[in-house]
1. Would you list which aspartates and glutamates come within 16 Å of residue 157, measuring only between C-alpha atoms, while excluding same-chain residues fewer than 8 positions from it?
2. Using alpha carbon centroids, what distance separates region 228-271 and region 164-187, in Å?
3. Would you be so kind as to identify which of 69, 121, 94 lies farthest towards the positive end of the dipole of region 4-126, taking Lys and Arg as +1 and Asp and Glu as -1 on Cβ and the Cα centre as origin?
4. So how much slack lies between residue 198 and residue 153, counting 0.36 nm per residue of separation and subtracting their Cα-Cα distance, in nm?
5. Provide the packing ranking of 179-187, 233-241, i.e. peptides ordered by the mean count of other C-beta atoms within 10 Å per residue, highest first.
6. Tell me, Kirkwood radius of region 95-236 from alpha-carbon pair distances, in Å?
7. Could you tell me what % of all Cα pairs in region 1-42 have separations over 11 Å?
8. What is the extension gain from residue 114 to residue 164, computed as 0.36 nm multiplied by their sequence separation minus the C-alpha to C-alpha distance, in nm to one decimal?
Amino acid sequence: MPELPEVENTRRYLVQIGLPGRRFTGVNISWANTLKNPSLRELQQQLPGSRVESVQRRGKYLLMPLDTGATFIAHLGMAGRLRVHPQNQPAPPHLRHTFPLDDGRELRFLDSRKFGKLWLVADPQEALPPLGPEPLEPGFSVEDLCLGLAGHNAPIKALLLDQAMVAGIGNLYADESLFLAGIHPLRLGWDLSAAELARLRDGIVAALSSALAQYDRSRAAEWPDPPPALETWTIPRAKGASCPNCVSDMACMTVRSRTTWYCPQCQPAKASQPVSRQLSAPTNPQVGVR
Ligand SMILES: [Zn+2]
């Protein structure tokens with residue numbers, strides 16, 4: 001499922017390929033459930049003629065403010081991809097929707113699982129659920145985490161998946177962040193110490209920053225058709241694999257129905273000093289609104 005790095009990679013792709021400044025000239029929707037608001041007829045009336053001002057991201061949502069004042073919003077769901085290709089280029093598999101542009105190209109929404117979503121709204125708040133702080137914004141702090149987790153008697157793994165707690169984290173980067181922080185996935189939110197919260201904040205930033213750096217390299221190397229998904233995490237997610245830190249066996253369990261990988265040695269079930277480890281923390285790239 002696309003998480004913050006995949007959605008931000010898509011945002012950067014759409015900016016680089018030149019979507020901002022282009023006008024939509026049409027609407028072709030082939031799977032009606034994707035369109036959440038407005039109706040198809042209203043979308044066909046309102047979108048053509050409008051110009052994309054910029055491409056922004058909030059959590060796992062892509063926002064395209066238009067010169068009409070409305071905002072076109074996309075959520076990639078489980079496996080969605082957005083691409084800009086010439087209109088006369090043959091349709092790839094799983095192409096669900098196309099939005100022709102005024103330069104002979106079109107915005108394409110590919111979606112093999114059909115869980116993607118689209119909105120055209122006057123105010124983004126009409127489409128977005130409550131979202132917590134952006135973890136790669138410079139202001140993301142231990143205090144943010146502390147405020148979000150206060151009083152929550154739930155496993156930290158489940159809390160990290162709550163988009164109102166921190167925006168953009170999904171299953172893979174929750175596991176990676178907890179591994180980098182040396183925190184067991186079942187530790188309760190309220191029970192984490194200030195030192196553990198600081199390590200968790202650093203682990204989240206390191207996991208997401210490292211992933212984005214790899215996506216940036218991949219886009220540059222494989223332009224104009226970079227892969228939509230890379231395996232950018234460091235922990236092995238396979239039976240019999242060893243922890244890259246201590247070489248003991250990785251363990252797997254289910255937390256709130258989500259498959260969760262962790263190292264029982266590096267992520268002890270009870271609070272303790274973590275095994276010393278080296279966080280790979282590249283410089284924090286610029287993300288979000290521009
Ligand atoms: Zn380990």
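Coordinate-derived values only; no laboratory data. All values reported here derive from a predicted model rather than from experimental measurement. Note that we place each Cβ from the backbone using ideal geometry, even for glycine, and neighbour counts take in every protein chain shown.
1. 3, 175, 176, 191, 196, 202
2. 11
3. After comparing all options, I get 94.
4. On the way: separation 45, 0.36 × 45 = 16.20 nm, distance 1.92 nm.
The residue 198-residue 153 span can extend by a further 14.3 nm.
5. Numbers: 179-187: 22.8, 233-241: 14.0.
In descending order of packing, they fall as 179-187, 233-241.
6. Working: mean 1/r = 0.0577 Å⁻¹.
One over the average 1/r among Cα pairs gives 17.3 Å for region 95-236.
7. Values: 642 of 861 pairs.
Beyond 11 Å sits 75 percent of the P(r) for region 1-42.
8. Details: separation 50, 0.36 × 50 = 18.00 nm, distance 2.42 nm.
Between residue 114 and residue 164, full extension yields 15.6 nm more.
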